[in-house]
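Just so it is clear, none of the values below were taken in a lab; they were calculated from the coordinates. Only a predicted model underlies this, so the values are computations on that prediction, with no experimental measurement involved. Heads up, the Cβs are rebuilt from the backbone with ideal geometry, glycines too, and the neighbour counts pull from every protein chain shown.
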Ligand SMILES: Cc1ncc(COP(=O)(O)O)c(C=O)c1O
């Protein structure tokens, strides 16, 4: 599964090559990248299924819920059934008579009731009309912030895969040079930036093998003979560790303002850099 995380679109071309070579279907988690374009196409259309969370913090939201997209009619039918208690749309080719449901018992998939309400769908459709415009504003302000930060040594913004034609910004990830941070914990930098901007600024997620919920050795499905293979301590994740030790993230809505709001972010970052020196 490719997860487009922290405003970075995954290197889909390479992942598609691996997927074709080994005949492993590629899934995309696009929950942080609604509307991004990679190699001429919207992300979510590269994998066999693209999933978009619509939870309240996302670029497109219904408060909760999500969207799954596919070009495969079999997967489409199965997903419909999974979310509608195993039922599927009527197959008669004509609309249901008044007071009859549009969906009917199918009997081949055990689904659950995960249907989105019409109210939530209406909220999302309204948001969808604004999405491209808001993404364009966030991109323009991100470019402005990049230009402002060019004169502040020691802090940079995280970029995306080269083939990304339209990056989108679910979070604005700032990376501080290790030499600038010295002994300072990046969590303290996040707290200081948060206080300066009065925005929820946080450090990013820890590497997967340090995550408290990732405990494969406690799982009963891991056989004794496989314990060594599943032991998270076996993995060295230097890039994830470096990122965890040096990055903080700001929420996407801080790029929905005007030039003076971008200036506020740059001034706050400048102040933090001075404090770190
Ligand atoms: C990349 C990513 N995947 C999945 C999820 C989970 O989505 P949900 O909360 O809608 O289940 C989130 C955030 O909530 C996310 O950021």
- When 89, 38, 214 are arranged by how many other beta-carbons sit within 10 Å of their Cβ, fewest first, they go 214, 89, 38
- Query: Between the stretch 31-90 and the stretch 142-210, what's the alpha-carbon centroid distance in Å?
  - Reply: 29
- Please work out the FRET efficiency for the pair residue 208 and residue 96, using the Cβ-Cβ distance as r and a Förster radius of 51 Å; give the result to the nearest 0.05. 0.65
- Note on the structure: Quick calc: nm separation of the 7 Å Cα→Cβ label points for residue 277 and residue 128 -> 5.0
- Message: Given R₀ = 41 Å, what would the calculated FRET efficiency be for residue 16 paired with residue 258, taking r from the Cβ atoms and rounding to 0.05?
- Response: 0.55
- Message: Which residue fluctuates most in the GNM of the chain (Cα springs below 10 Å): 20, 178, 190?
- Response: 20
- Message: Please check: in the Gaussian network model of the chain (C-alpha springs, under 10 Å), which one of 156, 120, 14 has the largest mean-square fluctuation.
- Response: 14
- Query: Taking 0.36 nm per intervening residue step and subtracting the Cα-Cα distance, what contour gain separates residue 55 from residue 147 on full extension?
  - Reply: 30.0 nm
- Rounded to the nearest 10 degrees, what's the angle between the helix 259-276 long axis and the longest principal axis of the chain, both from Cα atoms, 0 to 90? 60
- Modelled FRET efficiency - R0 41 Å, residue 220 with residue 180, Cβ distances, 0.05 increments: 0.35
- Rounded to the nearest 10, the angle in degrees between the Cα long axis of helix 12-22 and the longest principal axis of the Cα atoms of the chain comes to 50
- Query: So which residue, out of 160, 74, 92, gets the largest mean-square fluctuation from a GNM of the chain using Cα contacts under 10 Å as springs?
  - Reply: 92
- Item | Rounded to 10°, Cα long-axis angle of helix 186-197 versus longest principal axis of the chain | 90
- Note on the structure: Looks like the stretch 225-277, by Cα gyration tensor root eigenvalues a ≥ b ≥ c and the a/c under 1.5 rounded cutoff (else prolate when a/b is bigger than b/c, oblate otherwise), is oblate
- Task: Could you state the orientation-averaged shadow area of the convex hull built on the Cα atoms of the chain, in nm² to one decimal?
- Result: 19.1
- Item | Ranking of 4, 211, 252 by count of other Cβ atoms within 10 Å, fewest first | 211, 252, 4
- Note down the nm distance, to one decimal, between modelled labels 7 Å out along Cα→Cβ at residue 121 and at residue 71. 2.5
